[in-house]
Structure formats: structure tokens, C-alpha cells
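Colleague: My questions will all concern the structure given below.
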Amino acid sequence: MKIKLCGVRGSFQTSDAETKTFGTRTSCTMVVEDGELLILDAGSGIQHFNSINFSAKRVDILLTHLHMDHILGLGFFSPFFIPEQEVHIWGPKTSSQSLRTRLSRYLSPPLFPVLLRDLPCNLFFHEIGNAEFEINHFKIKSNYIIHPGPTIGFRVTGNHSVFTYMPDHEPALGRNGMIRNPKWISGFDIALNADILYHDAQYTSEEYQGKKGWGHSSIEDALQYASLCKVKNILLAHHDPAHSDDQLEKIYLNIKVISEGLTHYEVAKEGNEIDLP
Amino acid sequence: MPAYGIEIILSRQLADSLTMPVFITDTVGNLIFYNTPAEETLGQRFEDTGEMPVDVWSVIFKPVDEFAKPIVPGDLPLVKTLTNRLPYHKTFWIKSLQGQLEKIELTSYPIISKENEFLGAVAIFWKIKENEN
């Protein structure tokens with residue numbers, strides 16, 4: 001299984017040179033195995049799709065939720081404009097509007113010139129919540145997780161490895177933070193024992209104090225979460241757009257000291273590729 | 001056992017932040033969480049008891065009406081919520097740990113997920129002084 005990090009920036013795309021090392025583009029990760037591809041979220045990082053050689057008749061995009069930084073790239077996704085191309089979009093179910101209706105709020109004027117209905121590709125929508133399903137050879141489990149608005153995390157099982165994706169997640173939301181009992185931990189079942197957990201780590205713990213309820217995690221909470229879920233590695237991502245490369249380097253120098261004994265971690269960088277067996 | 005849905009987890013986190021006693025049950029009435037103010041009413045600590053089966057915790061309270069007549073379980077808001085998956089409210093009296101009758105207002109409501117799945121119920125109550133209302 002190959003995991004390509006196409007966009008690891010949180011909230012909105014940056015453009016200044018000071019953020020280029022960790023990356024400017026918003027949430028998008030590609031999972032490739034046996035020539036089959038899954039695209040997780042469609043932030044501006046989906047532009048990396050154009051640089052890969054992929055010509056399958058079917059492409060699948062799995063959306064964790066519909067906040068702008070996770071769907072911004074949809075309008076510029078080249079397979080949308082290829083007749084006969086099958087595009088499957090999977091996203092969280094709600095009890096009110098359909099996934100198609102919610103997405104068309106962005107993919108229609110005045111926000112976007114092309115209507116969803118006018119796209120030449122064959123578009124399919126799949127609404128999911130707490131579910132288990134298969135896409136090609138991938139087995140996928142989705143669970144609602146804590147983040148404002150309907151949001152799901154994904155556990156992707158390939159031939160030999162498990163990759164869990166939760167770019168926006170605030171499991172510590174509450175008066176006393178995370179409840180350290182697996183039954184009371186958001187997303188525990190999809191994160192448990194994952195080979196790699198891709199997780200929200202937008203803030204330092206000091207910043208988090210003023211941003212509780214915004215739907216994101218502190219780096220420390222993300223590490224604690226990974227440890228409670230016994231994941232083998234955690235990829236810390238969804239970097240705050242206000243954090244420059246220098247600031248992130250300094251923040252993670254400090255984290256290195258306090259994370260002693262916790263799960264092995266890496267800081268997500270746009271463009272990085274990770275190979276799993 | 002799988003983790004609870006986020007609707008239950010967030011209900012507990014909210015209950016943990018309130019001064020009113022809150023009980024959270026699963027779909028059949030097993031008590032899966034009660035907050036610190038509820039501990040005073042129940043006379044037990046969640047830290048000590050953990051979750052409690054419905055037949056254990058339901059007998060702790062002895063609810064009565066204004067004539068001190070026992071209220072049958074089927075007339076209690078939480079039981080009705082578990083049966084009908086609807087919110088209910090009732091004023092009644094319970095015997096305190098000191099043996100005194102205390103007037104309470106209790107509201108119960110179902111927890112129904114975005115997928116329309118019934119996940120459990122919440123009961124929240126207020127002690128009312130006799131000269132109130």
C-alpha cells in the first residue's frame with residue numbers, strides 16, 4: 001500500500017514561501033495498491049492527481065466531511081470533465097439534505113461556474129455513516145467522529161496493512177479532555193491497531209485552550225489518542241495555516257521531548273509518500 | 001465491546017459540565033453514565049460502580065406522586081422515553097438518602113443519531129423546593 005500525502009494543511013491553503021516545506025495545500029491523501037486508487041478528501045491537494053499516471057475507468061473520492069478545505073479541489077478535478085469516466089463520491093450521510101444537494105451548494109454559481117449536473121463524467125454518490133463497505137480490493141470501515149457537522153473517519157484495509165484517516169477530529173472535546181476508556185473514545189474502533197493513523201494535530205496545547213469546540217486537536221492530544229488506540233505510527237497533520245515552517249520545526253522540537261514513550265510519530269509533509277507492506 | 005457513538009460520548013461530556021444531575025442509559029435502560037451531581041442523589045460514585053444494569057439502579061429510587069402513592073415504572077418519563085423514543089417530562093417526589101421526600105422535575109429525551117438510530121436516553125432533573133411552582 002502506498003500513501004501519498006497530497007495536502008496536509010488545515011483550514012485554508014497558504015501561499016507564502018514560509019510554509020512550503022510542510023506544504024501549502026489542503027486535505028487530500030491518495031492510497032494506491034495493486035493499481036487501485038482511493039482519494040481521501042478533495043482539498044486543494046487533489047491537484048497532485050494530475051501528476052500521477054492513472055487511467056482506470058473508475059475513480060473513488062471519499063470525503064470525511066464537506067468543509068471547504070476538504071472539497072475545494074473538486075471543481076478542478078480533471079476526471080470530472082472526461083466523458084465516460086466513472087467518478088464515485090462517498091461522503092457522510094445526514095438526516096436532511098442529500099450528499100449531492102450539499103455538494104452542489106459549492107459546485108454551482110455564484111461560487112463555481114460549472115453546475116454539478118453539467119459535468120460530462122458519470123457521477124455516483126454514496127452516503128455513508130457508521131458503515132463497512134468495499135471499493136475494489138480495499139475494505140473500508142467508516143465511523144462518525146467528533147467534529148462540527150457530520151464527519152466520518154475511514155479505516156482502509158488493504159492486502160496487509162491498515163491506514164486510518166481522521167484529518168479533522170477533536171476526541172478531547174469536553175471539560176476534562178479525553179475519557180481514557182476505549183468505549184468512550186470517538187473513532188476508537190476504526191483507529192485501533194492501525195499501521196498508520198493520519199490525524200488532526202492543528203494546534204499546540206496552549207493554542208487549543210482558546211479553540212475548544214472548533215473541531216481540531218492539539219498535537220499532544222493527537223499523540224495521546226494514538227497511544228490509547230495502540231496505533232503503530234501516527235502522522236500528525238492538518239497544520240494550522242498560521243504556522244510557518246520555522247514555527248512547526250520549533251513546535252515539534254519541543255514535542256519530541258514530551259512524546260517520549262508514546263506512539264511513534266511523523267509530521268506530515270505534502271508530497272511525501274509512505275510505503276506499507 | 002465497540003465504542004459508543006459520538007452522540008452518546010458527547011452527551012456524557014456535556015453531562016460532565018453541568019450542575020444538574022444527569023443519567024444516561026443505553027437502549028434498554030442500563031445506566032451507562034451518571035454525573036457528579038447525580039452521584040449525590042444515587043448515593044454512589046460512577047468511579048466505584050461503573051455501568052449499572054437496569055434492574056440494579058432502577059430500584060434505588062422510589063418515586064411517588066403528590067399523594068405519596070408509588071408511581072409505576074411505566075409512568076416514569078425515562079421508561080416512557082425508552083419505550084416510545086420520545087421526550088417526556090414529569091413532576092414527582094423521590095425519597096432522599098436521608099429519608100426525606102424531595103420534589104423533582106424530570107425531563108427525559110431519546111438520543112437518536114444522524115442515521116436515525118436510537119442509541120439510548122438521557123434523564124436530567126431539578127430538585128424543586130416545595131414553595132416553588
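A short reminder: the numbers here are calculations on the coordinates, not readings from a lab. Everything numeric in this text was worked out from a predicted model, so none of it was measured. Using ideal geometry, Cβ is built from the backbone for each residue, glycine included, and neighbour counts are taken over all protein chains shown.
Colleague: Identify all residues within the range B:91-122 that are closer than 25 Å to B:Val28 by Cβ and either in contact with a Cys (Cβ under 6 Å, 6 or more places away or on another chain) or assigned to a loop (DSSP other than H, G, I, E, B) (or both); write none if there are none.
Modeller: Those that are closer than 25 Å to B:Val28 by Cβ and either in contact with a Cys (Cβ under 6 Å, 6 or more places away or on another chain) or assigned to a loop (DSSP other than H, G, I, E, B) (or both): B:Ser113, B:Lys114, B:Glu115, B:Asn116, B:Glu117.
Colleague: If I go through the range B:66-90 residue by residue, how many of them are aromatic (Phe, Trp, Tyr) and either under 12 Å from the mean Cα position of the chain (by Cα) or under 19 Å from B:Ile32 (Cβ atoms) (or both)?
Modeller: Our first condition is that a residue be aromatic (Phe, Trp, Tyr); within the range B:66-90, this holds for B:67, B:88.
From what is left, the residues that are either under 12 Å from the mean Cα position of the chain (by Cα) or under 19 Å from B:Ile32 (Cβ atoms) (or both) are B:88.
Looking only at that region, the number is 1.
Colleague: Quick check on the range A:194-215. Is at least one of its residues surrounded by fewer than 19 Cβ atoms within 10 Å (Cβ to Cβ), small (Gly, Ala, Ser) and within 11 Å of chain B (Cβ to nearest Cβ)?
Modeller: Checked against the condition, which is being surrounded by fewer than 19 Cβ atoms within 10 Å (Cβ to Cβ), small (Gly, Ala, Ser) and within 11 Å of chain B (Cβ to nearest Cβ), the range A:194-215 yields at least one hit.
One line per residue, one yes/no per condition, for (1) aromatic (Phe, Trp, Tyr); (2) farther than 27 Å from A:Asn143 by Cα; (3) surrounded by fewer than 18 Cβ atoms within 10 Å (Cβ to Cβ); (4) free of Cβ contacts under 8 Å to residues at least 40 places away in the same chain:
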position: B:Val64; (1), (2), (3), (4): no, yes, yes, yes
position: B:Pro70; (1), (2), (3), (4): no, yes, yes, yes
position: B:Val79; (1), (2), (3), (4): no, yes, no, no
position: B:Ile111; (1), (2), (3), (4): no, no, no, no
position: B:Phe125; (1), (2), (3), (4): yes, yes, no, no
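Colleague: Can you tell me which condition A:Leu248 does not meet? The list is (1) in contact with a strand residue (DSSP E or B) (Cβ under 7 Å, 6 or more places away or on another chain); (2) closer than 21 Å to B:Leu10 by Cα; (3) not in a loop (DSSP other than H, G, I, E, B), and all the others hold.
Modeller: (2)
Colleague: Further, regarding this structure: Taking the conditions exactly as written (among the acidic types (Asp, Glu) and surrounded by fewer than 16 Cβ atoms within 10 Å (Cβ to Cβ)), does B:Asp26 satisfy them or not?
Modeller: On the way: among the acidic types (Asp, Glu): yes; surrounded by fewer than 16 Cβ atoms within 10 Å (Cβ to Cβ): no.
Here the answer is no, as B:Asp26 does not meet what is asked.
Colleague: Follow-up question, since we're still on this one. Considering only residues that are within 12 Å of chain B (Cβ to nearest Cβ) and out of contact with any helix residue (DSSP H, G or I) (no Cβ under 7 Å at 6 or more places or on another chain), look in the range A:180-193 and name the one that is surrounded by the fewest Cβ atoms within 10 Å (Cβ to Cβ).
Modeller: The selected residue is A:Asn181.
Colleague: With respect to B:Thr41, is the statement that it is part of a helix (DSSP H, G or I) and within 12 Å of the chain's Cα centre (by Cα) true?
Modeller: yes
Colleague: Could you look through the range B:1-23, keep only residues that are away from every other protein chain (no Cβ under 14 Å) and surrounded by 20 or more Cβ atoms within 10 Å (Cβ to Cβ), and pick out the one that is farthest from the chain's Cα centre (by Cα)?
Modeller: Per the stated criteria, the residue is B:Pro21.
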